[in-house]
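None of the figures in this text is laboratory data; all of them are computed from the coordinates on show. This is a predicted model, so every value here is computed, not measured. Cβ placement follows ideal geometry from the backbone for every residue including glycine, while neighbour counts extend to all protein chains displayed.
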Amino acid sequence: MITLEFVNVLMGLMMAGVAIVNLRDRTSRKRYNNAAFWGLYAVTFLAGSYLPNFVNGLLVIVMVLVMAIGKLGGAPPESSTRAVREASARRWGNRLFIPALTIPTVTLLGTLFLKRVSLNGTPLVDPKQVTLISLGLSTVIALIVGLVMLRPPLRAPMVEARRLMDAVSWAAVLPQMLAALGAMFALAGVGPIVAGIIERWIPLHTALSVVATYTVGMALFTMIMGNAFAAFPVMTAGIGLPLIVHQYGGNVAVMAAVGMLSGFCGTLMTPMAANFNIVPAALLELPNENAVIKVQIPTGLMLLAANTLIMYVFVFR
Amino acid sequence: MLPLIGILIVVTGFSLRVNPLAVVTAAALATGLAAHRSPVDVISAFGKAFIDSRSVPVVWLALPVIGLLESAGLKERARMVISKIHAATTGRLLLAYLALRQLTSALGLTSLGGHPQMVRPLIAPMAEAAAENRLGELSDHTRHRIRAHAAAADNIGLFFGEDIFIAIGSILLIRGFLEQNGFRVEPATLAIWAIPTAICAFVIHGARLALLDRSLRKEVARSQGRAE
């Protein structure tokens, strides 16, 4: 059975490749630091499932120290000039889109059909991880399509992956680190403490103030945790169910659905949701890492107000 | 109250613009220590949490092929395509992408978008090219603003589309949580109540995108005026 370990091995091989390309790049002044950073990251993917947790923890701490003390080098210049790329774009035409669109297409097909494939009674892929495994498979297939079509030197994919990974740099690891922080928060019981503070300090005398506290609280708590999924159980157990549903007789489905979406408004406005906000800023080479958040704040605030109104109008009907 | 030290570290660290990866690591370790655990326990718990989250960064697997295509002129091709469509403006293009992203997410097809696969190689260069065709040479500031808008359209389309699909993670989480608390709610009911917000999201952000073209025109005129 293909499990998530398949994706881990792919990630590990790619990170190891990025480390090796860095190590061999004599023009980079930080090549040893970058190679150590991506190399250690590769180890967590390739060996992480077999090493003791303590060793894994140390590996990650060393990785962060290399970055914080040694600093990482930025991306190398593009491997081809703009004129060359424009000529290539003319030569290949819209066929260039084929490998790129292979990724979503194969992911989609895999998600739909791989679940049903089984060999001798055992499923071919872990049914719980079909989407992630399909995504992993799709990138491999897309790369093969690209290699067959363009016939570049074989090291080209790794050299290009290194260029992009070093452009994103440490931000590539941030979403995973935030997920780990969320787990540590859960371990230390941070959620209930924050909900307790909100309940103690906010006036909850009218239906509207209760609804607004819940929606705004969902957004704020999501901004702190970086994830509406972490905020939802805490805020709903603290305010949604006892006050909106039990005390004021609100509708559970409306409260829960609109409550979660209020959390999503918070996701638009926080650097803690690094996957959506910080990573694209790095990926699009924006000098201000909060540039995407800045664009999203007006929509986030207006939509939060709209959500509060939607809930107030429909939840008590 | 002591476990809240992690939040304090994050808030101060981010506002002092210390490197976020270092801040978050420090916050995770401090939170563990504040929960009265030994350093060895804390490092083990931290290592386990990091390893358990390894599926978070899988999108990076798209980079070898995306990088390869970029060096073969993928972005340049995206620009050429958009320059042939004369009606295309940055605002209209992003509005169309927002609509498409929201609709496909509502059908559960969330993997059709994303920043490494769609926004960097295709949507952002197209949005830039559309502005260049209309307004001429762009300043870096304008270029960066357009790119940020491309990323935002992807996020907003995803967030406020996916909850209309009944088998998405957030709907399942809501249902599971409510069931634990003694309420049985059908996923379809939850999905229906995501529709009013989805419409509001499209109207609000769509209106901002409709106004974006005018604002970009003013911005470019101002910077060109300054250059002359």
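Listed values, structure above:
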{"item": "Translational D in µm²/s for segment A:1-62 (Stokes-Einstein at 10 °C, 1.306 mPa s, Kirkwood Rh from C-alpha pairs)", "result": "130"}
{"item": "Using alpha-carbon coordinates, inclination of helix A:207-225 to the longest axis of chain A, degrees", "result": "20"}
{"item": "Distant-in-sequence amide H partners of A:V125 (H built 1.01 Å from N, under 5 Å)", "result": "A:I2"}
{"item": "C-alpha center-to-center spacing [segment B:140-214, segment A:89-142] in angstrom", "result": "25"}
{"item": "For segment B:2-52, Kirkwood radius (reciprocal of mean inverse C-alpha pair distance, Å)", "result": "11.1"}
{"item": "Ranked list, fewest to most other Cβ atoms within 10 Å of each Cβ, for A:C265, B:C200", "result": "B:C200, A:C265"}
{"item": "Furthest towards positive pole of dipole, B:L190, B:V65, B:H141, structure part segment B:58-227, Cβ charges", "result": "B:H141"}
{"item": "Estimated [θ] at 222 nm from DSSP helical runs (n ≥ 4, -39500 (n - 2.57)) normalised by residues in the protein assembly as shown, nearest 500", "result": "-23000 deg cm²/dmol"}
{"item": "Per principal axis, descending, Cα span of segment B:29-148 in whole Å", "result": "64, 36, 27"}
{"item": "Among A:N227, A:N251, A:N275: highest mean-square fluctuation, GNM of chain A, C-alpha pairs under 10 Å", "result": "A:N251"}
{"item": "Kirkwood Rh (inverse of mean 1/r, distinct Cα pairs), segment A:154-247, angstrom", "result": "15.6"}
{"item": "Residues A:M235, A:M272 arranged by fewest to most Cβ contacts within 10 Å", "result": "A:M272, A:M235"}
{"item": "Most mobile listed residue (B:R134, B:R101, B:R17) in chain B, GNM with C-alpha springs under 10 Å", "result": "B:R17"}
{"item": "Kirkwood hydrodynamic radius (C-alpha pairs) into Stokes-Einstein, segment A:1-172, 37 °C and 0.692 mPa s, D in µm²/s", "result": "181"}
{"item": "Bins of 5 Å, starting at 0 and running to the largest distance - Cα pair percent for segment B:20-74", "result": "4, 16, 16, 16, 11, 9, 9, 7, 6, 4, 1"}
{"item": "Average silhouette area of chain B, convex hull of alpha-carbon atoms, in square nanometres", "result": "17.4"}
{"item": "31 Å tail of the calculated P(r), the protein assembly as shown, as % of Cα pairs", "result": "49"}
{"item": "Under 12 Å, Cβ to Cβ, from A:L124 - net charge with Lys/Arg +1 and Asp/Glu -1", "result": "+1"}
{"item": "For segment A:175-315, alpha-carbon Rg and Dmax in angstrom", "result": "15.5, 50"}
{"item": "Radius, Kirkwood style, for chain A when every pair of distinct Cα atoms is counted (Å)", "result": "22.8"}
{"item": "Listed residues B:G176, B:G47, B:G91, most fluctuating in chain B (Gaussian network, C-alpha, under 10 Å)", "result": "B:G47"}
{"item": "Neighbour-count ranking [beta-carbon atoms within 10 angstrom, fewest first] of A:V140, A:V258, B:V40", "result": "B:V40, A:V140, A:V258"}
{"item": "Rule-of-thumb Rg ratio for segment B:78-118 [Cα; 2.2 N^0.38 Å; N residues]", "result": "1.31"}
